[in-house]
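Each remark here refers to the structure printed beneath this line.
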Amino acid sequence: MIIWIASYPKSGNTWLRSLLSTYYFTKDGNFNFQILNNIKSFPSSSYFEKYSDNFSEPESTAKYWISEQRSMNLDKRIKFLKTHNALCKIDGHSFTDENNSIGAIHIVRDPRNVLTSLSNHYQIKKSDALEFMLQERKAIVEKKDNRYLGFNPLFSWSIHEKSWSECNKFPVLTIRYEDLQLETFVTFKKVISFISKLTNKKNSFKREKAKKTISSCEFNKLKKMENEVGFNEAISSKLTGEKIKFFNLGKDNDYKKLLGKDLIEKMNSLFKEQIKKYEY
């Protein structure tokens, strides 16, 4: 059965995936990029290349979401999957269901800092990043050999947030990225306790391993590792073709310093409900 690591893009998903991979899939609590392979992304093109369908429309692969998850679950083992998908239906096809998923950890981040991170990550104007976040039918697509094999429906930031935080199909733990950043140990312990409950395992929290895991996954260490060996999940610049640093801004990503007054006021109005909900 699946436990989802779910978030809108640029909200801390890779960091939490690094922490969980290190805690659960290493003996010594030392991180390296290879162990991220223990928590794969879904959906991605690798799941659908085997089909003979033309996949002529971006959403064509949605009809296989459930069947692929069902196949994964044949081994009856607990598995983590990362996703940026909204918890949605496309053409009547659910992204997931209670027969394949037992829960999710949903990471939410201040939308104003999501905007600055999106702008930096995709090398786009901040106004374009806001438009990205407001598009109600926004999706990230991947095309290979004239077939749409990758389809990630994000929808707008607000719809995405609500789709996971208000899920009633299975238990969802929503955590703030900011809490993971400021109170890493306490928040990570909360995540591990939630996973223990989902899996009906006695909560044998390994304090020392958790501390070592957190130390090993500090932002500056991940950034240094990327500089030394690269990171295969980093995307390439459309302008230069060079890889854009994935671990880039970190704590320097402060919208108060990076956004103008007018844009901040506009976002405060657009995301008023969520800013109040998460006490931003």
#### Entry: Listed residue (92, 217, 141) projecting farthest to the positive dipole end of segment 2-277, Cβ model
217
#### Entry: Of 67, 269, 227, farthest towards positive along the dipole that unit charges on Lys, Arg, Asp, Glu beta carbons give the chain
227
## Note on the structure
Once residue 181 and residue 208 are pulled to full extension, the length gained, defined as 0.36 nm per residue separation minus their Cα-Cα distance, is 7.8 nm
### Summary
Counted neighbours (other Cβ, 10 Å), sorted fewest up, put 61, 26 in the order 26, 61
### Reach of residue 224 by Cα under 19 Å, taken over aspartates and glutamates that are not fewer than 8 positions away in the same chain
233, 242, 252
### Task
Report, in debye and to the nearest 20, how large the dipole of the chain comes out about its Cα centre when Lys and Arg carry +1 and Asp and Glu carry -1 on their Cβ.
920 debye
## Note on the structure
Candidates 52, 165, 117; GNM for the chain (alpha-carbon contacts under 10 Å) flags as most fluctuating 52
### Task
Would you mind counting up the charge near residue 30? Only other residues with Cβ under 11 Å from its Cβ, with Lys and Arg at +1 and Asp and Glu at -1.
+3
### Summary
Phi-derived 3J(HN,Hα) across segment 256-271 with the Karplus relation (6.51, -1.76, 1.60, θ = phi - 60°), rounded Hz, x for Gly and Pro, is 5, 9, 9, 10, x, 4, 5, 5, 4, 5, 5, 5, 4, 6, 5, 10
### Message
I need the shape label for segment 28-155. Rule: rounded when a/c is under 1.5, else prolate if a/b > b/c, else oblate, with a, b, c from the alpha carbon gyration tensor.
### Response
oblate
#### Entry: Residue pairs, from the table 79/201; 10/169; 190/277; 79/189; 27/189, whose Cα atoms sit over 22 Å apart
10/169
### Summary
The ³J(HN,Hα) series, computed from each phi in segment 105-119 with the Karplus coefficients 6.51, -1.76 and 1.60 at θ = phi - 60°, rounded to the nearest Hz and given as x for glycine or proline, is 9, 10, 9, 10, 10, 3, x, 5, 7, 4, 4, 5, 5, 4, 4
## Note on the structure
Expected max-MSF residue from 199, 22, 213 in the GNM of the chain (alpha carbon, under 10 Å) is 199
### Task
Choose one answer from 76, 223, 138: the residue with the largest mean-square fluctuation in a GNM of the chain with alpha-carbon springs under 10 Å.
76
### Query
Does segment 26-103 come out rounded, prolate or oblate, given a ≥ b ≥ c as the square roots of the eigenvalues of its C-alpha gyration tensor, rounded meaning a/c under 1.5 and, failing that, prolate meaning a/b above b/c?
prolate
### Task
Answer with a single label: of (1) 17.8; (2) 23.0; (3) 15.3, which was calculated as mean projected area of the Cα convex hull in nm² from the structure in view?
(3)
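Computed from the coordinates by the stated procedures, all read-outs in this text should not be read as laboratory data. This is a predicted model, so every value here is computed, not measured. Neighbour counts run over all protein chains shown; Cβ positions are idealised from the backbone, glycine included.
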